[in-house]
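Below: the structure, in structure tokens.
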Amino acid sequence: MEKFDVIVVGAGLAGLAAAYTLAQENLEVLVLEKGDYPGAKNVTGGRLYLHPVRELFPGLWDKAPLERHIVREEVALMARERSVTMSYAGSELTQPPFPSFSILRAKFDRWLAQQAEKKGAMLINKSRVDELILENGRVIGVRAGGDELGADVVIAADGVLSFTAAMAGLRKDQDPKHFAVGFKEVIELDRGIIEDRFGLEGDEGAARLFMGEVTKGKFGGGFLYTNKTSLSLGIVVGISDLMNAAPAIPAPQLLDEFKLRPEIARLIRGGETVEYSAHVIPEGGLKSMGRLYGDGILVVGDAAGFSMNIGVTVRGMEYALASGYYAAQAVIRAREKGDFTSAGLQVYQQILEESFVMKDFRNFKESLDVLEYPPLFNHIPELAGDLLRDLYAVGPGPKERIYPTLRNHLTMGEIWGLIKLGRRMMKI
Ligand SMILES: Cc1cc2nc3c(=O)[nH]c(=O)nc-3n(C[C@H](O)[C@H](O)[C@H](O)COP(=O)(O)OP(=O)(O)OC[C@H]3O[C@@H](n4cnc5c(N)ncnc54)[C@H](O)[C@@H]3O)c2cc1C
């Protein structure tokens, strides 16, 4: 059996970050990717926060195919017939080093794979890992397309449905409540049109999140990110909400309806859809996380459940990059001791605990329970829309005073509802 220091299953951001870091330290790394090329099957909304990972990969970012740096944050509460949008612009968003960028995975992952290969990693595309090879309960390699390949450590970077982690007995039983599904289109538009429509200059970009009617009041939301010459537009909905919806909601139709909303239609007008994708997202956080290491195996990125939705941000990519990097560090330390058993690899958990990764997941362990609050996605957007409609309204007769207008909408019942929401929010 041909033997490598490390075999990485999956060339997404987590797997490539591990391979890049290990190859840099002259370890023999093989990456097996089932897609035609890295990025071919990978889906993201499209926003990468660089600050948490900038230092982990020095010298990598200058030439990275980043799209636009985000200078404007918007959140829209979408009611059935109106919407209320909060927009934020701040000087810290406009000065380098920029905190976050829109990216397109088809370009970005391919480029990152090239950087890992330049460092010496070996990548084989169109190669699906079918099985782990176990010896006395310890992972010693993988079977892929009839070949048997050995390694001191296998890194499970095969994404949200990770069968490698499951086969090694590291995954917890999965509850649909801990997963969401996303649908996304990349819509091509002229660069100038994007800049005019979103009020941007040069490589500036905008990010918009939507909640409410976009998911028919179900847990989830919509997103829109500007790229250089395209827009990433999509929706994400909680799987258990979808399963329990009566009448059933055909999820892909939500995106079609979202595109017809006047707020969106005018932004995408004249654009051409050049990519359509759908993907599952792990959103259970700490509560759904299994074990992150075992004998001869480490789990990284979405395979480990490292993705988090806290309402104002959806993050997974920098956790994928960072966990790949930290897994590589753990392998390097285990190698120094010559111990690739669970005892030697548990340093991965320690490194993660000291890093922003596990600190974030511990700090936000209640975020899913807090956000799974139906009024947030149906009643509150309607309430906010109706309130602003009446505040702005000027009818044929005399205008109502502002205080009674507020009181009409913000009844004692509503105020108690908002206090209840505030109390839930105190958990995150
Ligand atoms: C709709 C949507 C919106 C999102 N928005 C954002 C966002 O704006 N910002 C953000 O930071 N995160 C976002 N996320 C989350 C983020 O995209 C993920 O957390 C991230 O892509 C995880 O990277 P990964 O490398 O762990 O997994 P993946 O990118 O899924 O990579 C796994 C790889 O493993 C390969 N693979 C699987 N099985 C096998 C096998 N048996 N053999 C070989 N190869 C295999 C796959 O082909 C794939 O290339 C979003 C996710 C979705 C779906």
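Consider Val331 carefully, then state whether it is assigned to a helix (DSSP H, G or I), open to solvent by less than 10 Å² (accessible area, probe 1.4 Å) and more than 16 Å from the ligand (Cβ to nearest atom).
Considered against the rule, which asks whether it is assigned to a helix (DSSP H, G or I), open to solvent by less than 10 Å² (accessible area, probe 1.4 Å) and more than 16 Å from the ligand (Cβ to nearest atom), Val331 comes out as yes.
List, please: which pairs have Cβ atoms under 7 Å, are six or more places apart or on different chains, and start with a residue in segment 81-104 that is within 30 Å of Glu382 (Cβ to Cβ) and end with one that is of a type in the set (Asp, Glu)?
Ser83/Glu263; Thr85/Glu74; Met86/Glu74; Ser87/Glu74; Tyr88/Glu73
When you go through Gly238, Gly222, Gly205 one by one, which is the residue that is buried (at least 23 other Cβ atoms within 10 Å of the Cβ), at pLDDT 95 or above, outside the structural domain of Leu376 (by TED's automatic domain parsing) and in contact with a Phe, Trp or Tyr (Cβ under 6 Å, 6 or more places away or on another chain)?
Gly222
Is there a residue in segment 274-282 that is of a type in the set (S, T, N, Q) and without any contact (Cβ under 8 Å) to a residue 12 or more places away in the chain?
Within segment 274-282 (the criterion being of a type in the set (S, T, N, Q) and without any contact (Cβ under 8 Å) to a residue 12 or more places away in the chain), the answer is no, since none of the residues qualifies.
Would you check if there is a residue in segment 186-193 being in the same structural domain as Leu255 (by TED's automatic domain parsing) and within 16 Å of the ligand (Cβ to nearest atom)?
Checked segment 186-193: at least one residue is in the same structural domain as Leu255 (by TED's automatic domain parsing) and within 16 Å of the ligand (Cβ to nearest atom).
Show me the strands (runs of 3 or more DSSP E) found entirely inside segment 28-102 where at least 3 residues are modelled with pLDDT of 95 or more and of a type outside the set (Gly, Ala, Ser).
29-32, 47-49, 69-78, 83-88
Looking at (1) away from the ligand (no atom under 13 Å from the Cβ); (2) closer than 30 Å to Ala328 by Cβ; (3) out of contact with any helix residue (DSSP H, G or I) (no Cβ under 9 Å at 6 or more places or on another chain); (4) of a type outside the set (Phe, Trp, Tyr), find the lone condition where Arg171 falls short.
If we test Arg171 against (1) away from the ligand (no atom under 13 Å from the Cβ); (2) closer than 30 Å to Ala328 by Cβ; (3) out of contact with any helix residue (DSSP H, G or I) (no Cβ under 9 Å at 6 or more places or on another chain); (4) of a type outside the set (Phe, Trp, Tyr), just (3) comes out false.
Test Asp360 against the stated conditions and say whether it is over 21 Å from Phe219 (Cβ atoms) and either open to solvent by less than 50 Å² (accessible area, probe 1.4 Å) or modelled with pLDDT of 95 or more (or both).
Here the answer is no, as Asp360 does not meet what is asked.
In the set Phe356, Phe340, Phe364, which member is touching a Gly at 6+ places or on another chain (Cβ under 6 Å) and touching a residue at least 24 places away in the same chain (Cβ under 8 Å)?
Result: Phe340 is the single residue among Phe356, Phe340, Phe364 that is touching a Gly at 6+ places or on another chain (Cβ under 6 Å) and touching a residue at least 24 places away in the same chain (Cβ under 8 Å).
Which ones in segment 100-126 are surrounded by 16 or more Cβ atoms within 10 Å (Cβ to Cβ), within 13 Å of the ligand (Cβ to nearest atom) and either farther than 24 Å from Glu25 by Cβ or among the charged types (D, E, K, R) (or both)?
Within segment 100-126, Ser100, Phe101, Ser102, Ile103, Leu104, Arg105, Ala106, Asp109, Arg110 meet the criteria.
Hey, could you check segment 1-54 for residues that are among the charged types (D, E, K, R) and more than 10 Å from the ligand (Cβ to nearest atom) and say which is least open to solvent (accessible area, probe 1.4 Å)?
Asp5
The values are calculated or read from the model by the stated rules, or taken from the named source; none is laboratory data. Here the structure is a predicted model, which means the values were calculated and not measured. FYI the Cβ positions are ideal-geometry reconstructions off the backbone, even for glycines, and counts take in every protein chain you see. For the accessible areas, the whole protein counts, side chains as well, though only heavy atoms, and no ligand, DNA or RNA atoms are used. Shrake-Rupley method; radii C 1.70, N 1.55, O 1.52, S 1.80 Å.
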